[in-house]
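Below is one structure, written out as structure tokens; the observations come after it.
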Amino acid sequence: MQHANVGVIGGGTMGNGIAHVMALSGRSVTLVDVKSEFLDRAKKGIEGNLARQVKKGLSEADAAATLSRIKFTTELTELRDATLVVEAIIENAELKRDLFRKLDAITAPAAVLASNTSSISITKIASATKRADKVIGMHFMNPVPLMKLVEIIRGNDTSDATVAETVAVVKDLQKIPVEANDFPGFVANRILMPLINEAAFALMEGVATKEAIDEIMKLGMNHPMGPLALADFIGLDVCLSIMEVLQHGFGDPRFRPCPLIRKLVDAGHLGKKTGRGFYTYEARA
Ligand code: NAI
């Protein structure tokens, strides 16, 4: 198996899902977060998602084996033997660059360093390392265990070999890789985020209620979720960061973040993960 020893950094919404699918494919996974309480939460999330898969036909033994293949740690140096590392920390370019600088020192020179960033330049992250040819975007969709697409982003200096290896891993996870070039927001979020942002403007301007906006987009466009519910699901902090990357990257006012999203983020209402965003939810366990 290619890349049998994988590191995942950040055990939040995306990282726990990435660790889950990597382990389910038979790989040994080391999941790193900054605090053990975040790792406990990630483990609970994975256990819950595996239990759901058991109801759909995964054997209890395979679920237990999957969990046993994941090591939870706060020590970044535990990634020294990983041949593929997928970073899924918060959407902040400087934090990601700092982390990639450290990973460059910790991991073997041949290791592939991937970022699950939604929008930040892979080229910019890669230039923090001495192996820009081995840095790539591996953009999983939320929720990771269910969603088939992985957007593969080629930075300015990403090699063909790195793309081929990453594509092979994605296929091995039973997912579908689609390649894009490195421009702000790549494809998925360049198109999705302005839609969500415009829905927030429509709500702020009193065009319709949040329920009506979501219902119109669901029924009218055949979307499985309305844009405001989807924003809560993604995380309003993540949405705001992506809009800021688009605004900065294109220098075009059409990408200005809606002040209502910013206000909710300032209030700490980040969506489903904090129990409140545009809508109110049961608090996350
Ligand atoms: P999140 O806020 O749920 O989780 C981030 C995790 O990273 C937290 O557990 C945090 O403690 C940890 N972390 C922060 N700094 C760290 C560091 N230096 N070392 C180790 N752990 C660290 O965020 P989420 O939503 O999982 O997003 C992660 C990345 O995935 C972001 O780049 C985001 O843009 C991207 N993404 C998010 C999607 C979504 O629907 N939420 C979809 C696809 C990509």
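The values are calculated or read from the model by the stated rules, or taken from the named source; none is laboratory data. Because the structure is a prediction, the values reported are computed rather than measured. Virtual Cβ from ideal backbone geometry, glycine too; neighbours counted across all protein chains shown.
Considering every residue within the range 195-215, establish whether at least one is within 12 Å of the ligand (Cβ to nearest atom) and either of a type outside the set (Asp, Glu) or crowded, with 16+ Cβ neighbours inside 10 Å (or both).
Among the residues of the range 195-215, at least one is within 12 Å of the ligand (Cβ to nearest atom) and either of a type outside the set (Asp, Glu) or crowded, with 16+ Cβ neighbours inside 10 Å (or both), which makes the answer yes.
Please verify whether the range 232-249 includes one or more residues that are more than 11 Å from the ligand (Cβ to nearest atom), outside the structural domain of Gly12 (by TED's automatic domain parsing), more than 17 Å from Lys272 (Cβ to Cβ) and not in a helix (DSSP H, G or I).
No: zero hits.
If a residue must be part of a helix (DSSP H, G or I) and either closer than 18 Å to Ile261 by Cβ or free of Cβ contacts under 8 Å to residues at least 24 places away in the same chain (or both), how many such residues does the range 162-187 contain?
Of all residues in the range 162-187, those part of a helix (DSSP H, G or I) come to 162-172.
Those left that are additionally either closer than 18 Å to Ile261 by Cβ or free of Cβ contacts under 8 Å to residues at least 24 places away in the same chain (or both): 164, 167, 171.
Matching residues across the range 162-187 total 3.
Please work out which one of (1) part of a loop (DSSP other than H, G, I, E, B); (2) loosely packed, with under 12 Cβ neighbours inside 10 Å is the condition Glu94 fails and give its number.
So Glu94 meets the others, but not (1).
Just one of the numbered conditions (1) farther than 23 Å from Gly275 by Cα; (2) assigned to a helix (DSSP H, G or I); (3) within 12 Å of the ligand (Cβ to nearest atom) is not true of Gly7; which one?
It fails just one condition, (2).
Would you call Ser68 within 14 Å of the ligand (Cβ to nearest atom), small (Gly, Ala, Ser) and more than 25 Å from Ile242 (Cβ to Cβ)? Outline the logic, then answer.
Working: within 14 Å of the ligand (Cβ to nearest atom): no; small (Gly, Ala, Ser): yes; more than 25 Å from Ile242 (Cβ to Cβ): yes.
Judged against the criteria, Ser68 is not a match.
Look through Glu91, Glu60 and report the one residue that is of a type in the set (D, E, K, R) and at pLDDT below 95.
Among Glu91, Glu60, only Glu91 is of a type in the set (D, E, K, R) and at pLDDT below 95.
Applying the selection to the range 217-231, what residues are aliphatic (A, V, I, L, M), more than 15 Å from the ligand (Cβ to nearest atom) and surrounded by 16 or more Cβ atoms within 10 Å (Cβ to Cβ)?
Selection gives Met217 alone.
Taking the range 30-44 only, how many residues are within 24 Å of Leu95 (Cβ to Cβ), out of contact with any Lys or Arg (no Cβ under 6 Å at 6 or more places or on another chain) and more than 10 Å from the ligand (Cβ to nearest atom)? Write out each step before concluding.
Just the residues of the range 30-44 that are within 24 Å of Leu95 (Cβ to Cβ), to begin with: 30-43.
This time we only want the ones that are out of contact with any Lys or Arg (no Cβ under 6 Å at 6 or more places or on another chain), so: 31-43.
Right, trim to more than 10 Å from the ligand (Cβ to nearest atom) and you get 36, 40, 43.
Going through the range 30-44 one residue at a time, the tally reaches 3.
Could you tell me whether Gly26 is touching a residue at least 40 places away in the same chain (Cβ under 8 Å) and within 19 Å of Ser118 (Cβ to Cβ)?
In short, no.
Enumerate the pairs (first residue in the range 78-103 and without any contact (Cβ under 8 Å) to a residue 24 or more places away in the chain and closer than 14 Å to Val29 by Cβ; second residue anywhere and aromatic (Phe, Trp, Tyr) and more than 11 Å from the ligand (Cβ to nearest atom)) with beta-carbon separation below 8 Å, excluding pairs fewer than 6 apart on the same chain, so at least 6 apart or on different chains.
Sorted first by the residue in the range 78-103, then by its partner, the list stays empty.
Taking only the range 84-105 into account, find how many residues are among the hydrophobic types (A, V, I, L, M, F, W, C) and touching a strand residue (DSSP E or B) at 6+ places or on another chain (Cβ under 9 Å).
Residues in the range 84-105 being among the hydrophobic types (A, V, I, L, M, F, W, C) and touching a strand residue (DSSP E or B) at 6+ places or on another chain (Cβ under 9 Å): 8 in total.
Taking only the range 133-166 into account, find how many residues are under 18 Å from Pro184 (Cα atoms) and more than 16 Å from the ligand (Cβ to nearest atom).
Taking the range 133-166 as the starting set, the residues that turn out to be under 18 Å from Pro184 (Cα atoms) are 135-141, 150-158.
Cutting the leftovers down to more than 16 Å from the ligand (Cβ to nearest atom) gives us 154, 156-158.
Counting residues in the range 133-166 that are under 18 Å from Pro184 (Cα atoms) and more than 16 Å from the ligand (Cβ to nearest atom) gives 4.
Scan the range 152-210 residue by residue and report those that are closer than 21 Å to Gly251 by Cβ and of a type outside the set (A, V, I, L, M, F, W, C).
The answer is Gly155, Asn156, Asn181, Asp182, Pro184, Gly185, Asn189, Arg190, Pro194, Asn197, Glu198.
Whether any residue in the range 39-46 is modelled with pLDDT under 95, under 15 Å from Leu146 (Cβ atoms) and in a helix (DSSP H, G or I) is what I want to check.
No, because not a single residue in the range 39-46 is modelled with pLDDT under 95, under 15 Å from Leu146 (Cβ atoms) and in a helix (DSSP H, G or I).
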